[in-house]
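Down below is the structure, laid out as structure tokens.
Bear in mind that the values in this text are calculations on the coordinates, not laboratory data. Keep in mind that what you see is a predicted model, and the values were worked out from it rather than measured. Cβ placement follows ideal geometry from the backbone for every residue including glycine, while neighbour counts extend to all protein chains displayed.
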Amino acid sequence: MLKVHFVANTRAGRIVWLLEELGLDYEVNIMPFTKEGLKSEEHRSRHALGRVPVLEDGDVSIFESGAIIEYILARHKDGGLKPDVNAPEFPNYLQWFHYCEGMVMPPMNQIVVQTILLPPDRRDENVLLQAQKLLSKSLAPVNEALVGKDYLVGDFSAADVMLGHSCFMANRLGCVGEEMENIKAYVAKIQARPAFIKAIEME
């Protein structure tokens, strides 16, 4: 059975969400967001940096949320939640699938560090403001791409699991302005999906 090593409020939520959408059987190892949990010798044997998510599938152990999603779709649900390679939507699917980690998550990571992870005396307001501006710029093309659409490439897809989760997190951090009404509507649609609700309940 598939096993997900999971910490609340992290990219691991994407994996549980995907598995729920696909109706696959899985188990979850819910770990504390602590040095003792993530940096333990046991977990470092799964991920040398002590990060999540990690997926175990028999003898296979794989990390990086995007890689895990592609692995699950290829090994366990080929053709599910992604356009056919010859479909006109396929290039946009790939673009938005990878846009998430390339453009949206780097500034969001900085915002989390500067507002949550660092103690107040070590936070840098300039770094925070720069990250917030960059995140707004990175989200603007997503807001434009969602004009007149429910999801990024037509039907709900794994690109929505990647980028939609990040939009949800950005909104929860207060980083999606009211002017980004398409992202606001997009997040509302995502939050109403039963599989997403199941994943977030674990957090």
ask   = If R0 is 35 Å, what FRET efficiency do you get for HIS76 and VAL113 from their C-beta distance, rounded to 0.05?
value = 0.55
query = Treating the beta-carbon of each Lys and Arg as +1 and of each Asp and Glu as -1, no other charges, what is the dipole magnitude of the stretch 2-81 about its Cα centre, to the nearest 20 debye?
reply = 360
task = Report the one residue of VAL187, CYS167, ILE116 whose Cα lies farthest in the direction of the positive end of the charge dipole of the stretch 90-193 (charges on C-beta: Lys and Arg +1, Asp and Glu -1; origin at the Cα centre).
result = ILE116
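To make sure I understand, if each residue's beta carbon is the centre and we count other beta carbons within 10 Å, what order do ARG44, ARG122, ARG11 fall in, fewest to most?
Details: ARG44 13, ARG122 9, ARG11 23.
Ascending Cβ contact count within 10 Å gives the list ARG122, ARG44, ARG11.
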request  = Just subtract the alpha-carbon distance of LYS133 and GLN95 from 0.36 nm times their residue separation and send over the number in nm, one decimal.
outcome  = 11.5 nm
key: Residue among VAL153, VAL16, VAL28 with the largest mean-square fluctuation in a Gaussian network model of the chain, springs linking Cα atoms under 10 Å   = VAL28
key: Dimensionless Rg over Rh [the stretch 127-203; C-alpha; Kirkwood]   = 0.97
request  = Return the long-range amide H neighbours of LEU2 (sequence gap of 5 or more, or a different chain), with a cut-off of under 5 Å between placed amide H atoms.
outcome  = GLU27
remark   = Fewest-first ordering of LYS133, LYS184, LYS82 by Cβ atoms within 10 Å yields LYS133, LYS184, LYS82
ask   = If you look for lysine pairs in the chain that are eight or more places apart or on different chains, how many of them have Cα atoms under 29 Å apart?
value = 27
note = With +1 at each Lys and Arg Cβ and -1 at each Asp and Glu Cβ, the charge dipole magnitude of the stretch 90-193 around its Cα centre, to the nearest 20 debye, comes out at 140
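Could you tell me the relative contact order of the stretch 59-203? Use alpha-carbon pairs under 8 Å, at least six residues apart, and round to a whole percent. Can you show the working numbers first?
Details: 108 pairs, mean separation 35.0, N = 145.
Once divided by the residue count of the stretch 59-203, the mean separation gives 24 percent.
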message = Taking the Cα centre as origin and putting +1 on Lys and Arg beta-carbons and -1 on Asp and Glu beta-carbons, what dipole magnitude results for the chain, to the nearest 20 debye?
response = 420
query = Quick one: if you stick a label point 7 Å off each Cα along the C-beta vector at ALA48 and MET202, how many nm between them?
reply = 2.6
request  = Determine ³J(HN,Hα), in whole Hz, for all residues of the stretch 188-202 in sequence, where each value follows from phi through the Karplus function 6.51 cos²θ - 1.76 cosθ + 1.60 and θ = phi - 60°; x replaces Gly and Pro.
outcome  = 4, 5, 5, 5, 8, 6, x, 5, 5, 4, 4, 5, 6, 4, 6
note = Counted neighbours (other Cβ, 10 Å), sorted fewest up, put SER138, SER166, SER45 in the order SER45, SER138, SER166
